[in-house]
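Data first, discussion second: the structure below is written as structure tokens.
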Amino acid sequence: MRNAVIYPGSFDPVTLGHLQVIRRAARMFDRVIVAVLINSSKNPTFSVSERIDLLQQATEDFENVEIAGFNGLLAAYARERGVTAIVKGLRAVSDFEYEFQMAIANKKLNPDLETIFITADSDLMYLSSSMVREIGSMGGDISHFVPACVHDRIVERLRKK
Ligand code: PNS
């Protein structure tokens, strides 16, 4: 698929930082495939279907964004989908080393694959899904961290946990 990009991640749950990367990628590419990792060793809080549902709701205004689940290697999934670009969000320098290693490994596994980094806006640099989970599960206000349209669903789910 020409001029398409995959944005992979755990999205446990989607944050405003993720949404910003999606919005910016959707302006640069004809199609953005937001790919949720299914077989994660991370033991996610939100199930795959919850994470996909939340992303679908948060991106329903974007015509060129698709939400999908993927299993196994990202490099293989990209090949299977005929996509030659991955987009990742970079928050701070601390993200860089891990992301750099993944970009090199993915390129070795699939030489056609380019990794493109989008830097977070300064007001979202500190934000992560794990922070949202921790604050939300302790009853804190997460309205500045998650898309407004999925805020209540995330709060309700984290309180039930
Ligand atoms: O949101 P995350 O948890 O930082 O996303 C990590 C993700 C899903 C992008 C990464 O773990 C991944 O690509 N996993 C798929 C398995 C794979 O391809 N591993 C080798 C990458 S070097």
Exercise for the section: List every residue pair whose Cβ atoms lie under 6 Å apart, where the two residues are 6 or more positions apart in sequence or sit on different chains, the first residue falls within region 31-47 and is touching a residue at least 12 places away in the same chain (Cβ under 8 Å) and among the polar types (S, T, N, Q), and the second residue, located anywhere, is more than 8 Å from the ligand (Cβ to nearest atom) and part of a loop (DSSP other than H, G, I, E, B). Expected result: Asn39/Asn71
Problem - Output for region 80-114, where each listed residue is over 25 Å from Val14 (Cα atoms), near the ligand (Cβ under 8 Å from one of its atoms) and open to solvent by less than 70 Å² (accessible area, probe 1.4 Å) - result: Ala105
Practice task
Would you check if Arg133 is over 20 Å from Asp12 (Cα atoms), modelled with pLDDT of 95 or more and within 15 Å of the ligand (Cβ to nearest atom)?
Solution key: no
Problem - Every pair of residues 6+ apart whose Cβ atoms lie under 6 Å, when the first sits in region 61-77 and is more than 9 Å from the ligand (Cβ to nearest atom) while the second is open to solvent by less than 50 Å² (accessible area, probe 1.4 Å) and of a type in the set (Ser, Thr, Tyr) - result: Val65/Thr59
Practice task
Filter region 127-161 down to residues that are without any contact (Cβ under 8 Å) to a residue 60 or more places away in the chain and assigned to a loop (DSSP other than H, G, I, E, B) and give me whichever is most open to solvent (accessible area, probe 1.4 Å).
Solution key: Met138
Practice task
Could you please let me know if Leu124 is away from the ligand (no atom under 13 Å from the Cβ), in contact (Cβ under 8 Å) with a residue 60 or more places away in the chain and either among the polar types (S, T, N, Q) or in contact with a helix residue (DSSP H, G or I) (Cβ under 7 Å, 6 or more places away or on another chain) (or both)?
Solution key: yes
Exercise for the section: For region 18-38, state whether one or more residues are within 15 Å of the ligand (Cβ to nearest atom), more than 19 Å from Ala85 (Cα to Cα) and open to solvent by less than 50 Å² (accessible area, probe 1.4 Å). Expected result: no
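The values are calculated or read from the model by the stated rules, or taken from the named source; none is laboratory data. Since the structure is predicted, the reported quantities are computational estimates derived from the model, not experimental observations. No Cβ is skipped: glycine too gets one built from the backbone with ideal geometry, and neighbour counts run over all protein chains shown. Heads up: the accessible areas ignore ligands, DNA and RNA and are worked out on the full protein's heavy atoms, side chains in. Shrake-Rupley method; radii C 1.70, N 1.55, O 1.52, S 1.80 Å.
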